[in-house]
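Colleague: Before I ask anything, let me first share the structure, which is written out below as structure tokens.
The values are calculated or read from the model by the stated rules, or taken from the named source; none is laboratory data. Just so it is clear, the model here is predicted, and its values are computed rather than measured. Methodologically, a virtual Cβ is constructed for each residue, glycine included, from the backbone with ideal geometry; neighbour enumeration extends over all protein chains shown. The protein model used for the area step is the full one, side chains on, heavy atoms only, and it has no ligands, DNA or RNA in it. Shrake-Rupley method; radii C 1.70, N 1.55, O 1.52, S 1.80 Å.
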Amino acid sequence: MAIMVTGGAGFIGSNFVLDWFKETDEPVINVDKLTYAGNLHNLDSLLNHPGHQFLQADICNREEMREIVGSYRPRAILNFAAESHVDRSIADPRDFIETNICGLFTLLDIARDYWDTLPEDRKKSFRFVQISTDEVFGSLAQTDTPFVEGSNYAPNSPYSASKASADFLARAYNRTYGLPTIVTNCSNNYGPYQFPEKLIPLVIHNCLNRLPIPIYGDGRQIRDWLYVGDHCAALRLLLEKGIAGENYVIGGRNEVRNIDMVRTICRLVDSRLTPSALRRSEELITFVADRPGHDTRYAIDGTKIETSLGWMPQETIETGLARTVDWYLSNSPWVTKVTSGDYRDWVEHQYAS
Ligand code: NAD
Ligand code: DAU
């Protein structure tokens, strides 16, 4: 038996694979195209692990996916592979449509052909987990109740529109062909190995390098933050106990305004610097033009997964952020590697004006 993970060299996917092997020896077939966001160094600690098989491949490539699924015959597929950064989707949506919609379609189609050939008991236990986002539900006003499984879809960016399309495809493959799909809609993750184009690692990186910390608009937008390890635990549970054909929203019950999050990180980083390097990182905060179509607020009511599966986040925002800041401080070679070359081009392009 083995599971197949796609996008397992990215932020959440690599955390999932690393956490998986802390819990079990069941093999993982890890398939990743290694785009700018994929990083094999995230998996360095698994270099000699007999259960970890890494394959560089594109989920849009039907022949490659057919070959991999047919050879390894996984008991489940978890699709983390995606273009994931909203700002990049605004700058150029093409890859988002290609990977997040067409790639997912290809993977579902290959999974369906494979699943059709399985004996009844394996057919029943097979799962295709599509890792999606709360962004598909659009933006909440301050007084709105948080997102639940039945919330209306109202995506506002090319990224969230592509993820919404993927959710519908996963649902359709369940309703039409019986493929046992589960869709998860998770809130903002943070933790080790997150590419520093995203808010939290960007702020840590800029504090340490005394660079301006860009806040879009007035910084009053709210995100519901979840430590990545808690997300991975929820996914492991859903893989075993989640009901096929259903969707689950996952969140941290940690609603924080961007400006407050940034100030907290500045203080955390400052508290860890040696006295000679001590400077007030908050002075680096710079308000910049807002993100077009910027969603005001995300929030999750995770009652379904909390009550039906007994999942609860283990990290508070305080413990999770402290772990994250400490990880970035102790892993500067990783940060240096990922913030060279392409990364600099992106930052220049995104924040030039
Ligand atoms: P990421 O950008 O860090 O990683 C994505 C990974 O997918 C990379 O390793 C990349 O190389 C790989 N990939 C991209 N295109 C591919 C293709 N065509 N074929 C194979 N591999 C490909 O993303 P992440 O933050 O780890 O997010 C993982 C998933 O979780 C995404 O689907 C995202 O929409 C979803 N999600 C993310 C968050 C978050 O806060 N980061 C929250 C909720 C949901
Ligand atoms: O909600 C889940 C989503 O969370 C995932 O689906 C996405 O893949 C993930 O990237 C994340 O999307 P966000 O757009 O919320 O994350 P990001 O880190 O890009 O931004 C968080 C907030 O911070 C958002 O309101 C925009 C703001 N921001 C971001 C950057 C990069 C800034 O103010 N300045 C910045 O430089």
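Colleague: Name the one entry in Lys163, Lys241, Lys198 that is within 28 Å of Asp113 (Cα to Cα), among the basic types (Lys, Arg) and either modelled with pLDDT under 95 or within 13 Å of ligand 2 (Cβ to nearest atom) (or both).
Modeller: Only one candidate qualifies: Lys163.
Colleague: Restricting to the range 68-86, name every residue that is assigned to a helix (DSSP H, G or I) and within 12 Å of ligand 1 (Cβ to nearest atom).
Modeller: Result: Ile68, Val86.
Colleague: Being more than 10 Å from ligand 2 (Cβ to nearest atom) and either farther than 13 Å from Ile250 by Cβ or among the hydroxyl-bearing types (Ser, Thr, Tyr) (or both) is the filter here; which residues of the range 217-234 pass it?
Modeller: Within the range 217-234, just Tyr227 meets the criteria.
Colleague: Kindly check whether there is at least one residue in the range 255-264 that is within 15 Å of ligand 2 (Cβ to nearest atom), open to solvent by 40 Å² or more (accessible area, probe 1.4 Å), of a type in the set (Asp, Glu) and more than 14 Å from the chain's Cα centre (by Cα).
Modeller: Yes, the conditions are met somewhere in the range 255-264.
Colleague: Identify the single condition in (1) touching a residue at least 40 places away in the same chain (Cβ under 8 Å); (2) under 28 Å from Ser151 (Cβ atoms); (3) assigned to a helix (DSSP H, G or I) that Trp327 does not satisfy, given that it satisfies every other one.
Modeller: Result: Trp327 passes all but (2).
Colleague: Hey, can you tell me all the residues within the range 124-156 that are buried (at least 16 other Cβ atoms within 10 Å of the Cβ), touching a Phe, Trp or Tyr at 6+ places or on another chain (Cβ under 9 Å) and farther than 16 Å from Ile243 by Cα?
Modeller: Thr133, Asp134, Glu135, Val136, Phe137, Gly138, Ser139, Leu140, Pro146, Phe147, Ser151, Pro155
Colleague: What number of residues in the range 286-334 are farther than 24 Å from Asn152 by Cβ and crowded, with 19+ Cβ neighbours inside 10 Å?
Modeller: Adding up the residues that qualify gives 9.
Listed here are the residues, each with its yes/no results for (1) away from ligand 1 (no atom under 14 Å from the Cβ); (2) not hydroxyl-bearing (Ser, Thr, Tyr).
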residue	(1), (2)
Asp144	yes, yes
Ser162	no, no
Asn174	yes, yes
Val183	no, yes
Asn189	no, yes
Glu197	no, yes
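Colleague: Being in contact with a Gly (Cβ under 6 Å, 6 or more places away or on another chain), in a loop (DSSP other than H, G, I, E, B) and of a type outside the set (A, V, I, L, M, F, W, C), is that true of even one residue in the range 170-185?
Modeller: no
Colleague: Filter the range 232-279 down to the residues that are under 21 Å from Trp327 (Cα atoms) and in a loop (DSSP other than H, G, I, E, B) and list them by number.
Modeller: Correct list: Gly252, Asn254, Leu273, Thr274, Leu278, Arg279.
Colleague: Which of the residues belonging to the range 210-229 are within 15 Å of ligand 1 (Cβ to nearest atom), more than 22 Å from Gly138 (Cβ to Cβ) and open to solvent by 10 Å² or more (accessible area, probe 1.4 Å)?
Modeller: Correct list: Tyr227, Gly229.
Colleague: Starting from the range 221-248, keep only residues that are on the phi > 0 side of the Ramachandran plot, then list their pairs with residues that are away from ligand 2 (no atom under 16 Å from the Cβ) and not β-branched (Val, Ile, Thr) whose Cβ atoms are within a distance under 8 Å, requiring at least 6 positions of separation or different chains.
Modeller: Within 8 Å, the pairs are Gly245/Arg171; Gly245/Asn174; Gly245/Arg175; Gly245/Pro180.
Colleague: Kindly evaluate Leu108 against the criterion of being among the hydrophobic types (A, V, I, L, M, F, W, C) and either touching a Gly at 6+ places or on another chain (Cβ under 6 Å) or within 16 Å of ligand 2 (Cβ to nearest atom) (or both).
Modeller: no
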